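The structure under discussion appears below in the form of structure tokens.
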Amino acid sequence: MKTALIAGCRTPFAKAGTSLRELTAIDLGKIAVREALARADIPGEAVDQLIFGTVVHNPTAPNIAREVGLAVLPKQVPASTVSRACSSANQAIADGVNLIELGLADVVVAGGAESLSHIPITVSPWMATALVESAKARTLSGRLAAFSGFRLRHLAPQRPEIAEPTTGETMGEAAERMAKENGISRAAQDEWAHRSHVLASRGFADGRLAAEIAPVYLPPLYETVVDRDNGVRSDSSLEALARLRPVFDRKYGSVTAGSASPLTDGGGAVVLMSKRSAQAHGVEPIAWIRSYAVTALDPGAQLLQGPAYAAPIALERAGISMSEVDLMEMHEAFAAQVLSNLQALGSDDFAKRELGRDRAVGHPDPERINVMGGSIALGHPFGATGARLTMTLAHELRRVDGQFGLITVCAAGGMGFAMVLERA
Ligand SMILES: CC(C)(COP(=O)(O)OP(=O)(O)OC[C@H]1O[C@@H](n2cnc3c(N)ncnc32)[C@H](O)[C@@H]1OP(=O)(O)O)[C@@H](O)C(=O)NCCC(=O)NCCS
């Protein structure tokens, strides 16, 4: 594979219900796509397809990609929405790569957006049935009869859960279970969370993170600007983290609000091109996409362990080994998940038992993993995180003059995603 990554950018990431709460996922997607195109110096007319990821869909606009495209691109550009939980933007990018590699497109904009400030809150199943029955009835008495048996509890609103539909387990409970099964201590989780904030603060202080962000001017007056992620704590301390109470297993647990990625609003997008098209437009790629892999495991097993399965496949497809990876960007759903995956990648036993390999896949030294922090500090708008990871890795590979970079993402449903980039 050799698809060119030309440019990318993202909105700031903001904790749900805070500075970006007035903007929908479509609004956030529009800002990211418009800015990514401007940074790529490509006119909208050159775009063949827009592919966009989101997880919590807006029932009135389920194809978010088309809504974003209609606002930002010529109306003739087709657009499709993909959903692969926390790796949705990664999947959008992978789909773009597929189109380009197959010769079906030359220029693809891919990314994703999420607004957890705008989750669809629906009526109870009983009320939904009654409303449908009532709408079908031809007489007033028929319409009223649809509501016979009504109880006050039927008015209770339904919120989407971050839980596995098959097992009922939430992501946080799964992370807690992984911490226990893999022996990941509370102190190790707090240390990883602390490092995420320290490195993210450093990334803002020296301008590397700010360089990836398209500032958002807030409606209606467009006078207030949001230009940085508001979850990053420049005053992070291990002592403060140690004081937090476990959230998902209050009695025996170790996962806290501090070692979990927060619920977040944000959008991100990248511009992908065939080599031929990049040359024709006279634009310089920042990286080449060399491979990707997607895996899935039983959600009842270690739900967020997907990266440990996907990474070796992506590396093999790129024709490289882990020792050649200069930088790694891991989505941090929870510190317990990051540390569990690093443990599995470093384990001969896991390699033999789960991957049918002789020895451990390995991983880069922690100093080369998430060098500007991760989702714990920066935030995690489900549909957009993949665009952030891809862009951060591509830019950072150039800064450190590395050659290969690896992205890993765990996703609901027991899925794992990995992608290999090569510096251009
Ligand atoms: C864990 C979770 C429930 C916490 O939600 P929350 O309680 O709204 O979180 P808050 O940001 O309000 O933090 C709770 C408290 O911890 C404190 N805190 C959080 N992170 C901290 C840190 N790094 N250092 C010090 N204190 C911290 C907050 O200041 C807050 O304190 P307060 O109650 O005195 O105001 C929520 O973020 C969550 O569900 N995360 C997981 C999302 C998920 O499953 N994603 C899918 C993964 S792929």
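The values are calculated or read from the model by the stated rules, or taken from the named source; none is laboratory data. In this text, all values refer to a predicted model and were calculated from it rather than measured experimentally. Positions of Cβ are backbone-derived with ideal geometry, glycine not excepted, and every protein chain shown enters the neighbour counts.
For segment 231-256, which positions are exposed (fewer than 15 other Cβ atoms within 10 Å of the Cβ) and under 28 Å from Leu209 (Cα atoms)?
Within segment 231-256, Ser234, Asp235, Ser237, Leu238, Glu239, Ala240, Ala242 qualify.
Any residue at all in segment 148-165 that's among the hydrophobic types (A, V, I, L, M, F, W, C), away from the ligand (no atom under 13 Å from the Cβ) and either in a helix (DSSP H, G or I) or surrounded by 18 or more Cβ atoms within 10 Å (Cβ to Cβ) (or both)?
Yes - at least one qualifying residue is present in segment 148-165.
When you scan segment 294-315, do you find a residue that is out of contact with any Gly (no Cβ under 9 Å at 6 or more places or on another chain), free of Cβ contacts under 8 Å to residues at least 12 places away in the same chain and not aliphatic (A, V, I, L, M), even just one?
No, that holds for no residue.
Take Val420 and decide whether it is within 15 Å of the ligand (Cβ to nearest atom), among the aliphatic types (A, V, I, L, M), within 24 Å of Ile286 (Cα to Cα) and crowded, with 24+ Cβ neighbours inside 10 Å.
It is false that Val420 is within 15 Å of the ligand (Cβ to nearest atom), among the aliphatic types (A, V, I, L, M), within 24 Å of Ile286 (Cα to Cα) and crowded, with 24+ Cβ neighbours inside 10 Å.
Name every residue in segment 184-228 that is outside any strand (DSSP E or B), over 19 Å from Gly374 (Cβ atoms) and within 24 Å of the chain's Cα centre (by Cα), in order of residue number.
If the condition is that a residue be outside any strand (DSSP E or B), over 19 Å from Gly374 (Cβ atoms) and within 24 Å of the chain's Cα centre (by Cα), then Ala214, Pro215, Leu218, Asp227 are the ones that fit.
Being within 27 Å of Asp190 (Cβ to Cβ), among the hydrophobic types (A, V, I, L, M, F, W, C) and not in a helix (DSSP H, G or I) is the requirement here; does Ala336 meet it?
Spelling it out, it is not the case that Ala336 is within 27 Å of Asp190 (Cβ to Cβ), among the hydrophobic types (A, V, I, L, M, F, W, C) and not in a helix (DSSP H, G or I).
Is it true that Asp298 is of a type outside the set (Lys, Arg) and away from the ligand (no atom under 16 Å from the Cβ)?
Yes: the conditions hold for Asp298.
Please verify whether segment 375-394 includes one or more residues that are among the basic types (Lys, Arg) and farther than 20 Å from Gly112 by Cβ.
no
Need pairs with beta-carbon distance below 6 Å; first residue closer than 19 Å to Arg66 by Cβ and within segment 9-38, second hydroxyl-bearing (Ser, Thr, Tyr) and in a loop (DSSP other than H, G, I, E, B); sequence gap 6+ or separate chains.
Ala25/Thr54; Leu28/Thr11; Ile31/Thr11; Ala32/Thr11
Within segment 229-287, track down each residue that is part of a helix (DSSP H, G or I) and either away from the ligand (no atom under 16 Å from the Cβ) or under 26 Å from Ala89 (Cα atoms) (or both).
The answer is Ala257, Gly258, Ser259, Lys275, Arg276, Ser277, Ala278, Gln279, Ala280, His281.
Checking Val216 against (1) within 28 Å of Leu345 (Cβ to Cβ); (2) touching a residue at least 40 places away in the same chain (Cβ under 8 Å); (3) of a type in the set (A, V, I, L, M), only one condition comes out false. Which one?
(1)
Scan segment 245-268 and report the pairs whose first residue is in contact (Cβ under 8 Å) with a residue 12 or more places away in the chain and whose second residue is basic (Lys, Arg) and more than 10 Å from the ligand (Cβ to nearest atom), with Cβ atoms within less than 6 Å and a gap of 6+ or a chain change.
Going by the 6 Å Cβ cut-off, the qualifying pairs are Ser254/Arg186; Gly268/Arg10; Gly268/Arg388.
Residues checked against (1) in contact with a helix residue (DSSP H, G or I) (Cβ under 7 Å, 6 or more places away or on another chain); (2) free of Cβ contacts under 8 Å to residues at least 60 places away in the same chain; (3) not acidic (Asp, Glu):
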site: Ala40; (1), (2), (3): no, no, yes
site: Phe52; (1), (2), (3): yes, no, yes
site: Glu67; (1), (2), (3): yes, yes, no
site: Lys75; (1), (2), (3): no, yes, yes
site: Ile100; (1), (2), (3): no, no, yes
site: Leu104; (1), (2), (3): no, yes, yes
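Could you list, in sequence order, the residues of segment 167-194 that are of a type in the set (A, V, I, L, M) and more than 13 Å from the ligand (Cβ to nearest atom)?
Those that are of a type in the set (A, V, I, L, M) and more than 13 Å from the ligand (Cβ to nearest atom): Ala179, Ile184, Ala187, Ala188.
Kindly provide the set of residues from segment 341-389 that are in a helix (DSSP H, G or I) and within 15 Å of the ligand (Cβ to nearest atom), ordered by number.
Residues satisfying the conditions are Asn341, Ser375, Ile376, Ala377, Leu378, Thr385, Gly386, Arg388, Leu389.
State all residues of segment 299-317 that are surrounded by fewer than 21 Cβ atoms within 10 Å (Cβ to Cβ), under 21 Å from the mean Cα position of the chain (by Cα) and not in a helix (DSSP H, G or I); if no residue qualifies, say none.
Pro299
Can you find a residue that is assigned to a helix (DSSP H, G or I), closer than 20 Å to Cys86 by Cβ and either within 15 Å of the ligand (Cβ to nearest atom) or of a type in the set (Lys, Arg) (or both) anywhere in segment 390-406?
No - not one qualifying residue is present in segment 390-406.
Within the group Glu181, Glu133, which residue is modelled with pLDDT of 95 or more, out of contact with any strand residue (DSSP E or B) (no Cβ under 8 Å at 6 or more places or on another chain) and of a type in the set (D, E, K, R)?
Glu181
Please find, among Ala260, Ala278, Ala296, the residue that is within 23 Å of the chain's Cα centre (by Cα), among the small types (Gly, Ala, Ser) and closer than 30 Å to Ile320 by Cα.
Ala296
Name the pairs: first residue in segment 355-369 and at positive phi, second residue surrounded by fewer than 14 Cβ atoms within 10 Å (Cβ to Cβ) and modelled with pLDDT of 95 or more, Cβ to Cβ under 9 Å, at least 6 apart or on different chains?
Correct list of pairs: Gly362/Ser321; Gly362/Ser323.
Tell me, yes or no, whether segment 117-126 has at least one residue that is part of a helix (DSSP H, G or I) and among the aromatic types (Phe, Trp, Tyr).
yes
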